[in-house]
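Structure record follows, encoded as structure tokens.
Read the figures in this text as sums done on the coordinates, not as results from a lab. None of these values were measured; they are calculated from a predicted model. Neighbour counts are summed over all protein chains in view; Cβ atoms, including those assigned to glycine, are modelled from backbone coordinates with ideal geometry.
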Amino acid sequence: MSYSTQQWTDKTVVITGACSGLGLAAAKHFISLNAKVALLDINEAEARTVLTEIASPNAIFYQTDVTSADAVENAFAQIHNNFQTVDVCLNCAGIAPALKVLDKSGSAQPLAHFNHVIQINLIGTFNVSRIAAQYMLKNDKNVPKETSEDNGVIINTASIAAFEGQMGQTAYAASKGGIVALGLAMARDLAQNRIRVNTIAPGIMGTPLLLNMPESVQESLADTVVYPKRLGSPAEFAKLAQHICENQYLNGETIRLDGALRMGPR
Ligand SMILES: NC(=O)c1ccc[n+]([C@@H]2O[C@H](COP(=O)([O-])OP(=O)(O)OC[C@H]3O[C@@H](n4cnc5c(N)ncnc54)[C@H](O)[C@@H]3O)[C@@H](O)[C@H]2O)c1
């Protein structure tokens, strides 16, 4: 197996959080490359609209909660059964509910809130990656031992909040910092299996969360970006994911996709 722009047919790309924002843009992008795409998301209601929009027999939705070991194992078993191979895993499922450590009345941030964000963003990412790696290893038997080709590529989505967590982002920043930290360790673990692991740390991207905000808020957010002074587009995220797959020398790295933005305290 090797990656080049011409060779996406017959590759299977598993994308979590695929019913919205960055995951959805990536799903459309890989479908446009003729890859087979497994869309994993907890939101079944949205899946119908998404599949109608994508309108391709190469796209299959699997309702999956990334925090559940059983659900993820079942999803991958079905994906392998349907597509016979798992080549790329792109983890986009995530949440970002903000809460300060102490609220206005001095009450502490509920532990359940912190736990919930870590469960979905960090543990969910690890849960999906570990099972993806198990299935990518099955590609090993299809290629000669001396090959230099990858068995698979895992791409995790962190955030620049991993480096510059803002007010209200303790849980989110910790979850994304965890994703950054596990990237190199996982790349080292999976090196002998010829599976690469990289992380994308987006800045402010034009996904529904931001695009539903008032124009004035979007403009002031865009103004904080150094250059280009605009929100990042989900299509730019998708193109970076494709590039990571096709550039074999990228491994164990976290790539900021942020127009040189360094976030301030708020
Ligand atoms: N949009 C940005 O500006 C931005 C910036 C930095 C990082 N990110 C990260 O990129 C990723 C995608 O962000 P987005 O803006 O596209 O978000 P989004 O809310 O548009 O999409 C996230 C998707 O994840 C799904 N999801 C949530 N919990 C899940 C679970 N337990 N199991 C399976 N699916 C689940 C949701 O249903 C949704 O479809 C997130 O990890 C986010 O933290 C986004």
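Using a Gaussian network model of the chain with C-alpha springs under 10 Å, which one of N198, N43, N81 is most mobile by mean-square fluctuation?
For the chain, modelled as a Gaussian network with Cα springs under 10 Å, the answer is N81.
Could I have the simple spin-label model distance between K138 and E164, label points 7 Å from Cα toward Cβ, reported in nm to one decimal?
With each label point 7 Å from Cα toward Cβ, the separation is 4.3 nm.
Using Cα pairs under 8 angstrom and six or more residues apart, how large is the relative contact order of the chain, in percent?
That works out to 20 percent.
Net charge near D87: determine it from the other residues with C-beta under 11 Å of the C-beta of D87, scoring Lys and Arg +1 and Asp and Glu -1. Display every interim value, and only then the final one.
Numbers: positive: K11, K36, K138; negative: D10, E149, D150.
That works out to 0.
Quick one: compute the contact order of the stretch 138-189, relative version, from alpha carbon pairs under 8 angstrom and 6+ residues apart, as a percent.
Over the stretch 138-189, the number comes to 28 percent.
Considering the dipole of the chain built from charges on the beta carbon (Lys and Arg +1, Asp and Glu -1) around the Cα centre, which of I31, V197, W8 is farthest to its positive end?
Of the listed residues, the answer is V197.
So if we plug the beta-carbon distance of T49 and H116 into 1/(1 + (r/R0)^6) with R0 = 22 Å, what FRET efficiency do we get, rounded to 0.05?
Calculated value: 0.25.
Going by amide H atoms built from the backbone, whose H comes under 5 Å of the H on I154, apart from near neighbours?
Amide H neighbours of I154, under 5 Å, 5+ apart: C89, R196, V197, N198.
Which whole-Hz ³J(HN,Hα) couplings does the stretch 49-66 yield from phi under the Karplus relation 6.51 cos²θ - 1.76 cosθ + 1.60, θ = phi - 60°, glycine and proline marked x?
Here the 3J(HN,Hα) series is 4, 4, 5, 5, 5, 6, 6, 9, x, 7, 10, 10, 9, 10, 5, 8, 8, 5 Hz.
For the chain, modelled as a GNM with alpha-carbon contacts under 10 angstrom, which of K36, K104, K11 fluctuates the most?
Of K36, K104, K11, the Gaussian network model singles out K104 as fluctuating most.
Considering amide H positions built from the backbone, and no H for Pro or chain starts, which residues 5 or more places from A59, or on another chain, come under 5 Å of its amide H?
V37
Calculated from DSSP H runs of 4 or more alone, at -39500 (n - 2.57) each and per residue, what is the 222 nm mean residue ellipticity of the chain, nearest 500?
-12000 deg cm²/dmol
Treating only the Cβ atoms of Lys and Arg (+1) and Asp and Glu (-1) as charged, compute the dipole magnitude of the stretch 5-257 about its Cα centre; round to the nearest 20 debye.
Computed charge dipole of the stretch 5-257: roughly 280 debye.
With point charges of +1 on the Cβ of Lys and Arg and -1 on the Cβ of Asp and Glu, referenced to the Cα centre of the stretch 5-257, which listed residue (G21, F61, A47) lies farthest in the positive direction of the dipole?
G21
Taking θ as phi - 60°, what are the ³J(HN,Hα) couplings along the stretch 225-236 by the Karplus curve (6.51, -1.76, 1.60), each to the nearest whole Hz, with x for Gly and Pro?
Result, rounded to whole Hz: 7, 5, 6, x, 7, 6, 6, x, 9, x, 5, 5.
Which three numbers, in whole Å and largest first, are the semi-axes of the equivalent ellipsoid of the chain derived from its Cα gyration tensor as √(5λ)?
Ellipsoid semi-axes (Å, largest first): 30, 20, 19.
Search the structure for amide H atoms under 5 Å from the amide H of G232, placed 1.01 Å from N in the peptide plane, and list their residues when 5 or more places away or on another chain.
I204, M205, G206
If you take every DSSP beta bridge whose two residues both sit in the chain, what share of them, in percent to the nearest 5, is antiparallel?
Roughly 5 percent of the beta bridges in the chain run antiparallel, per DSSP.
Which net charge results when you count Lys and Arg as +1 and Asp and Glu as -1 among the other residues whose beta-carbon is under 15 Å from that of Q248?
Numbers: positive: K11, R194, R196; negative: D87, E149, D150, E246, E253.
Summing Lys and Arg as +1 and Asp and Glu as -1 gives -2.
Please report, to one decimal in angstroms, the Kirkwood hydrodynamic radius of the stretch 100-229 built from all distinct Cα-Cα pairs.
17.2 Å
Which percent of Cα pairs goes in each bin when the distances of the stretch 28-72 are cut into 5 angstrom slices starting at zero?
Per 5 Å bin, starting at zero, the Cα-Cα P(r) for the stretch 28-72 comes out as 5, 23, 29, 20, 15, 7, 1 percent.
Test of understanding: in a Gaussian network model of the chain with alpha carbons linked when under 10 Å, which of L22, L240, L40 would top the mean-square fluctuation ranking?
In the Gaussian network model the winner is L240.
A55: net charge of surrounding residues, Cβ under 14 Å, Lys/Arg +1, Asp/Glu -1, itself excluded? Please report the intermediate quantities before stating the final value.
Working: positive: K28, R48; negative: E53.
Local charge sum for A55: +1.
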